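Structure first, commentary second.
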Amino acid sequence: MAAGGRTTADPPSHQGCAISSVRLRPPAHRGELRDRHEDGHRLHHLLWRLGPGVRVCSSAVLGGGIGTRAWILNAQVAGGYPRLDPDRHLAEIAAAEGLTGPGAGLMTAADVAAYTTGQDGGVTATVTAGLGVRGWAAAPDTATRAAHRPGPAEAPERPHRPGPAEAPERSHLPGPAEGPVSPFRPGTVNIVVTLPVALSDAALVNAVATATEAKVQALLDAGLDCSGTPTDAVCVAAPEPGPDGGEPFAGPRSTWGARIARAVHTAVLAGARTAR
């Protein structure tokens, strides 16, 4: 339906650029690979239209946390991502797709069209693997002192101005006498897991931990000396629980946790081998 003088043939405009989208092919478990043109770049995003009655637990920059979600979006952006409002950007892409209701949105500079999947006992894991910037989670303090530029999967932090009694923070933009900011390199591993059974709140959180453990195992099995990238994100989607409260466990030795682990391991291993 046309609105505000725009015809239905006109793609929506977002910050001076047009986003158009066409369906290409579906990945596993109700997802769609979509194509769009933005700021002169041809980019892709994966879209899950979950419908009513689905809960998502995620670390997504848009719609993170635990709650009912109608959709999940994993959007590719160009390297050197210049915007500091990734949540708004994701909302713009969702609006261009005609999505309504609450959703969860992730970003990555990796090639979303190169997504990989793993399936086990009704669980499906879909992964986009960008490993240009990788390392260990428990890195030495010196690794965090360099200037930090928010990656595609991170929300920008509000600037902090230290008071008189506060010391300057170590992580800051360098001054003229300091080295230049390192150029951005693509690097994010995004994981979306869908289950056919309801999980309790605790099990949803446990499922995210299980998926993360399986991711690290897969990276090591792929011969990569790392636990991931600084901007990795996980989404776990499952039906809303009924009176029974849902499955109580999702650790790697529980029935559904084991399936999550194997599906994620399969998908991440396939993605890591091609992203090396």
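Things to note:
- Test: residue in segment 208-220 that is at pLDDT 95 or above, surrounded by 10 or more Cβ atoms within 10 Å (Cβ to Cβ), under 21 Å from the mean Cα position of the chain (by Cα) and not in a helix (DSSP H, G or I): no
- Of all residues in segment 67-92, exactly one satisfies the criterion of being within 17 Å of R42 (Cα to Cα), of a type in the set (A, V, I, L, M) and open to solvent by 10 Å² or more (accessible area, probe 1.4 Å), namely A78.
- Every listed requirement among (1) among the small types (G, A, S); (2) in contact with a His (Cβ under 6 Å, 6 or more places away or on another chain); (3) at pLDDT 95 or above is met by A78 save one, (3).
- Residue list for segment 87-107, filter: in a helix (DSSP H, G or I) and not small (G, A, S): D87, R88, H89, L90, E92, I93
- Any chance L99 is modelled with pLDDT of 95 or more and surrounded by 22 or more Cβ atoms within 10 Å (Cβ to Cβ): no
- Number of residues in segment 223-276 that are at positive phi and assigned to a loop (DSSP other than H, G, I, E, B) equals 3.
- Any hit, segment 172-183, residues being among the hydroxyl-bearing types (S, T, Y), open to solvent by less than 50 Å² (accessible area, probe 1.4 Å) and either at pLDDT 95 or above or assigned to a loop (DSSP other than H, G, I, E, B) (or both): no
- Looking only at segment 221-274, and only at residues there that are open to solvent by 60 Å² or more (accessible area, probe 1.4 Å) and within 15 Å of T124 (Cα to Cα), the one that is nearest to the chain's Cα centre (by Cα): T266
The values are calculated or read from the model by the stated rules, or taken from the named source; none is laboratory data. Because the structure is a prediction, the values reported are computed rather than measured. Note that we place each Cβ from the backbone using ideal geometry, even for glycine, and neighbour counts take in every protein chain shown. Only protein heavy atoms, including side chains, enter the accessible area calculation; ligands, DNA and RNA are left aside. Shrake-Rupley method; radii C 1.70, N 1.55, O 1.52, S 1.80 Å.
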